[in-house]
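Here the structure comes first, spelled out in structure tokens, and everything after it is commentary.
Derivation of every value follows stated rules applied to the coordinates shown; laboratory data play no part. All of these numbers come straight from a predicted model, not from anything done at the bench. With ideal geometry, Cβ positions are generated from the backbone for all residues, glycine too; neighbour counts draw on all protein chains shown.
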Amino acid sequence: MTDNAIDIEGVTKRYAGHTAVRDLTLRVPAGSVYGLLGPNGAGKTTTIRMILNIIAPDTGTIRLFGRPSSDPKITERLGYLPEERGLYRKMKVKDVLKFLAELKGVRGKEAERRIDEWMERLSLKTPEKDWGLAKVDELSRGMQQKVQFIGTLLHDPDLVILDEPFSGLDPVNAQALKDTVVDLKRRGRTVIFSTHLMDNAERLCDSVCIIARGEKVLDGAVTTVKEQHGKRNIALALDGGGMEGIASILRDTSLVRRADDSNRFFEIEMAPGADPQVLLRRVIESGASIQRFEMIQPSLHQIFLEKVSRAGPAGEAAAWAHVEEGMSGHG
Amino acid sequence: MAKLWTIIKREYLERVRSKWFLIATFLGPVFFAAIIIIPAWLASRSKATNEVYSTVILDATGTGFGQRLSVAIAGDTTDKRKIPQVRIIAPAMLSAAESTATREVMSKDKVGYLVVTDRTVAGETARYAGRNASSLPDMAQIRTALRQTILASRLEKIGIDNSRTKELTFIPLDFTTERITERGRGGSGMASVMFGFAIGFLLYMTIIIYGQTIMSSVIEEKTSRVAEVVMSSVPTDTLLAGKVLGVGAVGLTQQVLWITTTYVLLKLREPIMAKLGAPTVSFGLPEISLGAAILFLAFFILGFIFYSSLYAAVGSSVNSEQEARQAATPLMIMIVFAGVFIQPVLLNPTGTTAQVLSLVPITSPIIMPIRMAVTGVPPLEMAGSIGFLILGCIAALWLASRIYRVGLLMYGKKPTMREMARWVSYSR
């Protein structure tokens, strides 16, 4: 027996034109919240599908709770929320949930009890209205997402896999999802999520793995990862005025190695040997009104950009494009 | 196994509960009943119309011939309105009477007039003019009545008693016709041809309708992305099998309901026809042995598995119903190819074409049951047909399951044939 919920050992998956996942080795400790990070097309979904035994790896092994992932018994301990969500549109909500529960081995009265409990918890069943009797079609998008969460969690899985769970969620449902993840973690369940939204990952995950172009770039506990990349980063926040001078300071490569410009907020990685005090002085001299100037550990976002841009020739531009897309799309 | 059952149950219940299933299942027998009853009813309508009773008889014989003719046309009826009016006319006045009658017909007071003269009594000529002159049944009835009346007056002339002439001349002949072709007599053979056609047509329609149902169901799962959730819980082969079996069971349910109600309707046909006032022609249902019934069922199930698994594969490879319609064309051609041969095989069920087509899995599920319905099939041919069809099903399922499990996860552009061929080679 092992303490790992997931052991991925040297897994490779090739398709006709390309290699989706190359020699991936991962361990996800049981009871942790684990982030699978990477730009679109990095191989996250392929990895998840292999964990779920939807597709089989060409080489390598995947073990879940110490058993091969192809063990039919294991699937009943897994809950999966795919990136693109959907339900049978013409079916009654309750029937869909019963169907999903039955596929996971929860039947009859027990399934109904759990469905009612969840429907009430997510206020899909109130004294006035029982949405369980409505057809999926008749629900709003937000409600359909709730139904989908219920479907994922109904059988109380030991391992919950959420693929881009925040995409398309309204703020209320996003919060409900975060609460649920925290609750699952407290009850000792393992949660994996794949995302390209670094902020969420940084706040929720115990450990992360960054993959790019099918290969692991880095993995480990979030705190360790940040320590390992504990270069001197500066968080700089400005109060509107005096922006003109800042741009030229940030372009000074003797001082700044890289800067993430979010208009009023900057995360700045110092150039090797540069003195943060010099930077501070220059910013003051530029006439900018400083709200915050702090030496920090790099954010996952920074680490991600750095790692992903190094991972291949297409480089930073591609990584940026993906992150930006993710942020504007769902952030 | 429990999961397979869950999939089958969902496919079955969702479809059986849908209103389209209810409508189709209810309308099917109504449609069949219409096919069986309406032609017979129309045939009964082609007996003489009531118009014939509104004929005027212009009697220039001076012998009371017109009166007797009138009774003969009216037949057994006691309804006064159904007895044609008789006008006794002096021969010299005949042309004037005819113009009067013509005007009456033109103003639609009367339908037509019949002129009887001495020459009519002699059995030489009679004249009719009227709006219904082109109605063959009406004219036939008048002609029969004329002959009967002429014959009766001849019999009287040679001294046969008036009361016996009716008995002698009244010939209620029921004239049935039967066609002989190069295959021999039609007759009861016709019933089995109809039965064979019904079986072939039913299989043909069911395969098309439920094959496309499976295809739509797969597309729905794929486009709504439910497929991925389900695939994380059950192997794709189980999902495919559950679909084919679940939808197949719906098709079977519908057929059983159709066949049962149609059978009952046929049994009730005579009372129904009697109610409609139409004479009934006995309609012998071919006797089907239990063995034959099991074979029909086997061909239905195997044919359904063969085609529906291929339909599922097509559904999994496309991204929308529109794409599917195009992608399913080769399948449609295969089925229509089989459909085209329904009639030739009915006409020549023992020929080489029929023999070959009932061995090829593409056509055998439709062609072989037809042959079974109309002729005896040698056991060896039967075994060959079933054997090849089972092999065909295994091949279709193998191919379909491989396309299906890859296709369900492939979004974006429609795959080419070459890409699909490559999918088949993927491990999983």
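Inter-label distance, B:ARG143 to B:LYS9: 7.1 nm, where each label sits 7 Å from its Cα along the C-beta direction.
Could you tell me what percent of the DSSP beta bridges with both partners in the protein assembly as shown are antiparallel, to the nearest 5?
Details: 44 of 71 bridges.
Given both bridge residues lie in the protein assembly as shown, the antiparallel proportion sits at roughly 60 percent.
Could you tell me the distance between the Cα centroids of region A:79-112 and region B:323-348, to the nearest Å? Taking the Cα centre of region B:323-348 as reference, the centre of region A:79-112 is 38 Å away. When you work out D = kT/(6 pi eta Rh) for region A:159-261 at 10 °C and 1.306 mPa s, using the Kirkwood radius from C-alpha pairs as Rh and the Stokes-Einstein form, the result is 95 µm²/s. Computed over chain B, relative contact order equals 18 percent, with contacts defined as Cα pairs under 8 Å that lie 6+ residues apart. Electrostatic bookkeeping for A:MET243 treats Lys and Arg as +1 and Asp and Glu as -1; over the other residues with beta carbon under 13 Å from its beta carbon, the sum is -2. Under a Gaussian network description of chain A, with springs only between Cα atoms under 10 Å, the residue in A:LEU64, A:LEU100, A:LEU162 that fluctuates furthest is A:LEU100.
If you model region B:301-428 as an ellipsoid using its alpha carbon gyration tensor, with each semi-axis the square root of five times an eigenvalue, the axes come out at 33, 16, 9 Å, biggest first. Helical content of chain A, expressed as a calculated mean residue ellipticity at 222 nm, amounts to -11000 deg cm²/dmol (DSSP H runs of 4 or more residues, -39,500 (n - 2.57) each, divided by residue number, nearest 500). Ranked for footprinting exposure by Cβ neighbours inside 10 Å, fewest first, A:SER123, B:SER316 give A:SER123, B:SER316.
Can you give the % of DSSP beta bridges in region A:158-262 that are antiparallel, to the nearest 5?
Numbers: 6 of 11 bridges.
Close to 55 percent.
The lysines within cross-link reach of B:LYS267, meaning a Cα-to-Cα straight distance under 22 Å and a gap of 8 or more places when in the same chain, are B:LYS275.
Quick one: check the C-alpha center-to-center distance for region A:278-312 versus region A:6-60, whole angstrom. Cα centroid to Cα centroid, the span is 32 Å.
What's the average, rounded to a whole number, of partner chain beta-carbon atoms within 10 Å of each residue's beta-carbon in B:88-100?
Taking the mean over all residues of the peptide, I get 0.
With a 10 Å cut-off between alpha carbons and a GNM built on chain A, which of A:LEU255, A:LEU26, A:LEU305 moves the most? The residue with the greatest mean-square fluctuation here is A:LEU255.
Summary of packing: across the peptides A:290-296, B:389-395, the per-residue average of other C-beta atoms within 10 Å ranks them, highest first, as B:389-395, A:290-296. Scalar couplings 3J(HN,Hα) for region B:304-311, obtained by applying the Karplus form with A = 6.51, B = -1.76, C = 1.60 to θ = phi - 60°, are 5, 4, 4, 6, 5, 5, 5, 4 Hz; x denotes Gly and Pro. Peptides B:357-369, B:5-17, B:231-243, ordered by how many other C-beta atoms sit within 10 Å of their residues on average, highest first, read B:357-369, B:231-243, B:5-17.
Within the shell of other residues whose beta carbon sits under 10 angstrom from the beta carbon of A:SER207, the net charge comes to -1, with Lys and Arg scored +1 and Asp and Glu -1. Summing Cβ point charges (Lys, Arg +1; Asp, Glu -1) relative to the Cα centre of region A:73-211 gives a dipole of roughly 440 debye.
Counts of other chain beta carbons within 10 angstrom of each beta carbon in peptide A:15-26 average 1. The modelled label-to-label distance for the pair A:ASN40/A:GLU9, using points 7 Å beyond Cα in the direction of Cβ, is 3.6 nm. Among bridges DSSP assigns within chain A, what percent are antiparallel (round to 5)? Around 70 percent antiparallel, to the nearest 5. Between A:GLY151, A:GLY245, A:GLY214, find the one with the highest GNM mean-square fluctuation for chain A; connect C-alpha pairs within less than 10 Å. Of A:GLY151, A:GLY245, A:GLY214, the Gaussian network model singles out A:GLY245 as fluctuating most.
Under 16 Å of direct C-alpha separation, and excluding same-chain neighbours fewer than eight residues apart, A:LYS109 reaches these aspartates and glutamates: A:ASP95, A:GLU117, A:ASP156. With each label modelled as a point 7 angstrom along the Cα→C-beta vector, the B:THR102-A:LYS129 pair spans 8.2 nm.
Counting helices only, and only those DSSP H runs with n ≥ 4, report the 222 nm mean residue ellipticity of chain B as the sum of -39,500 (n - 2.57) divided by its residues, in deg cm²/dmol to the nearest 500. Each step should come with its number before you reach the end.
On the way: 19 runs with 288 residues, N = 428.
About -22000 deg cm²/dmol.
For region B:59-114 versus region A:226-271, the spacing of their alpha-carbon centroids is 118 Å. Compared with the dominant Cα axis of chain B, that is its longest principal axis, helix B:379-407 is turned about 50°. Within 10 Å of the Cβ of each residue in A:79-89, the mean number of Cβ atoms contributed by other protein chains is 5. Bin width 10 Å, alpha-carbon pairs only: give the P(r) of chain B as whole percents, running from 0 to the bin holding the largest distance. So the P(r) values, bin by bin, are 4, 17, 19, 15, 12, 10, 10, 8, 4, 1, 0. Counting lysine pairs in region B:72-168 whose alpha carbons fall under 23 angstrom apart, excluding pairs fewer than 8 residues apart on the same chain, gives 7.
Order A:185-194, A:270-279 from most to least packed using the mean count of other Cβ atoms within 10 Å. Can you show the working numbers first?
On the way: A:185-194: 19.6, A:270-279: 13.9.
Result, highest mean Cβ count within 10 Å first: A:185-194, A:270-279.
Using only Cα coordinates, the Kirkwood hydrodynamic radius of chain A works out to 21.8 Å. Find out how many positive minus negative residues lie around B:GLU104, taking Lys and Arg as positive, Asp and Glu as negative, among other residues whose Cβ is under 12 Å from that of B:GLU104. For residues surrounding B:GLU104, the net value is +3.
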